[in-house]
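What follows is one structure encoded as structure tokens, with my remarks underneath.
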Amino acid sequence: MRKSLGRLGLVVSLSILAACPPSSPSSEPDAGLSPLPPMRTGTAELVAWRGSSITVHDATRVGNRIGFIAGSGGSHERLFVSEDLGATWSRRDFDAELAYALVLTKSDAFVLARRRQGSSSLPGTRVLKVGADGKVTEVGLLKAEASWFGPAGAAGFEVQRDGAAQSWVYSRFDAASGTIQEQSAPLAAGEEDCLPEFQSADGEQFAAACYSLAQRCRLTVRPATSLAVSRDCLSYQDWPIPFRATQRDAVADGQVLRVWEDQGHLFARSLTGGAVGPLGPVLDLGVGTGDLAMSEPVGKWGGLIKLIDGSSPPRRRLVDLRQGQPHDVALPRSPCLDDDACPDLVTSNFRVDQRLLRVLPLGEGRYLTVYQLVPLQERQTPPPLGETLHLLARIAQDGEGTVSVLDEATVFSGPPNLLSDVPAQTELESTCARALSCFSGITTMEACLKYWLQVRSGPSSPQDLALQRFLSTPSGCDGFQTSFPALTAARGESCAPQCVAGHALFACAPADLHEVLDCEALGTTCLAGAGKAACATQLDLPCEQCDASGRALQCRFGALIAAIDCGSRGETCVPPGDGQYTAFCSPGSCPSSTEGAWACMGSVRVSCMYASPSKPILSSEDCGRLSMDCSTRWSAEPGCSAPTRTCRLEKAECLGQYLRYCAMDEQRFVDCAAIGFSTCQPPQAPGTEAHCIP
């Protein structure tokens, strides 16, 4: 890794900064422009301040004038403007809470900000004019949050209710005159069923998709002519987008697009152009899933669509549709000549490379790129809050960098070798990884591990017959039918109460692994009949009590599901009471000092009936199965915990041949090759996660 700390003379100077001091005495002073490693040609270092992260709320362009607003939380914001397409920059500091968009004209700058009272959000959008000195003047209030904003102004739709009557209210801010106009019209029949969110690419035509129970409609309206909504509808069977696909709208290529995921690809159809059925022709954006942040207005990346592809490890792509066809934009991940000299800012709260904050297309393959950096020599392990963050801007050319401009990054933990301090995979993790490979989409690593942490027969791991059967599952997938039949039941068509490989499937919810009981592990057999299934020798026993022979009789919805002989397990039957609604077998008592619902007994986390004087144990989780201990290391409530807590993955992913995932917030790995597989395969369809493959 290079550690050259010099400074290229090619970095653009920000000479106007000194003439534009912060407008508010409450603003945090700049931390000073510290030396940076050598930069790419044309990089402008705009400002440096102390903070944990920088957010670029919006970037926009009108003619040769480009600008963006950035902040680090709170009400203090900074507006950066270039009058010459990024050759030089000026800065204005201003105060505005919840700013989210920028309207830039040839001479003025307006900021759109959400409204809030205390901790509560209020409807509408404040329109603020930011003067050259940073002084903020309130222009007025849009009744709706803007779904379109551009050099001409901003506009949006809102539904207004007056008793039973409902009306569309269209609010528009005209930047040229600095005024706000409103129109209203009653909702047509059926529009109240879906309350569509209208979007626009040009501020003239607005479009939305309206989904009701009986049909799917494309809605379009031109407010300059009338608020009457044009409707093109089909039955939901004939609608040309898969019924169950994850969908949302995006603005790109001068159109409002309906974007959806299907079979591992991302597709788009125009809501405002084309005449193929009710929508435009299908546009295949390639392998990947959508990364269209729901919290951001749809035009925030200037017509670029963000995707997560299926590579290993997963990467983020930026797709430009401005030329009519999808094109992967290849831009540098950092403004440094050596990317390694400008490390990413990933912490335990972020998984994605945080260097590239915003991209704005400028035409002819040029893009405004805005970065935040902490130079390598300033990094500490772990990265503390309050580092010196450097904000930089540069006009980049498509093709300068890699296609994956927003690569998934790993948690910053110091050692360059990710696996150097990772604990060896446990037998439970290896077996769950095998089950995941056989039942992708049915279970996840997290669900499997949590399921088998529970002690099901006996107070400790060696006595847990169910676990031993699971860990002894022979190679291949067929063995899981008897060692973990809950997976087979979850994949099956029928969910009627039945016996499955000695297990009782007792409820019509097969996707829930906890709707299946292992009868053998409970010391009994499965019996089914008359629409019931239970771990018992007869089905007509009473419910929720301890019988005369010390059996715990447990029911669900009034039907018996288990009659457990507690004595044969070395346990005692405890009747319902103190908030516990069913009888259960308890292996003993919680420590007398237990005050809450959970306690630690060695590496075992136990649930306690703490209101009872004897504090019987309700259930147990053996943390030792994951080579963890039970402690209050990370929270006031006892739980399974590891020495580190640096993992924030939402689901398992691939790192070469390794399956990477979180176990109690600790980063863990399974070597697919070590458990008989060839490598790790990223998710191939929505609803699945990475898994080992032959």
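If you add up the charges near Ser90, with Lys and Arg at +1 and Asp and Glu at -1, over every other residue whose beta carbon is less than 13 angstrom from its beta carbon, what do you get? Working shown, then result.
Values: positive: Arg65, Arg78, Arg91, Arg92; negative: Glu83, Asp84, Asp93, Asp133.
Result for the neighbourhood of Ser90: 0.
Taking 0.36 nm per intervening residue step and subtracting the Cα-Cα distance, what contour gain separates Arg633 from Ala559 on full extension?
Working: separation 74, 0.36 × 74 = 26.64 nm, distance 4.12 nm.
This chain segment gains 22.5 nm when fully extended.
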Which order do the peptides 680-693, 622-635, 585-598 take when ranked by the mean count of other beta-carbon atoms within 10 Å per residue, highest first? 680-693, 622-635, 585-598
Treating only Lys and Arg (+1) and Asp and Glu (-1) as charged, each at its beta carbon, one finds that region 629-694 has a dipole about its Cα centre, in Debye to the nearest 20, of 80 debye
Charge dipole (debye, nearest 20) of region 87-128; +1 at Cβ of Lys and Arg, -1 at Cβ of Asp and Glu: 100 debye
Cα radius of gyration and Dmax for region 564-694 (Å): 19.4, 55
Expressed in nanometres to one decimal, the distance between label points 7 Å along Cα→Cβ at Asp133 and Asp232 is 5.3 nm
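Would you mind getting the accessible area per residue of region 102-155, heavy atoms of the protein chains only, 1.4 Å probe, in Å²?
45 Å²
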Nitroxide proxy distance, nm - points 7 Å out along Cα→Cβ at Ser167 and Arg366: 4.7 nm
To one decimal place, what Kirkwood hydrodynamic radius in Å is obtained for region 618-694 from all pairs of distinct Cα atoms? 13.9 Å
Dividing the alpha-carbon Rg of region 63-206 by 2.2 N^0.38 Å yields what? 1.14
Run the numbers for Ala424 and Ser592: contour at 0.36 nm per residue of separation, minus the present Cα-Cα distance, in nm. 56.9 nm
So how far apart, in nm, are the two label points at Thr225 and Ser107 if each is 7 Å from Cα heading toward Cβ? 3.4 nm
Additional length obtainable on full extension of the chain from Ser75 to Cys477, 0.36 nm per residue less Cα span: 139.1 nm
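The values are calculated or read from the model by the stated rules, or taken from the named source; none is laboratory data. As the structure is a computational prediction, the values presented were derived from the model and not from experiment. Every residue, glycine as well, gets a Cβ built from its backbone with ideal geometry; the counts of neighbours run over all protein chains shown. Side chains included, ligands, DNA and RNA excluded: accessible areas come from the protein's heavy atoms. Shrake-Rupley method; radii C 1.70, N 1.55, O 1.52, S 1.80 Å.
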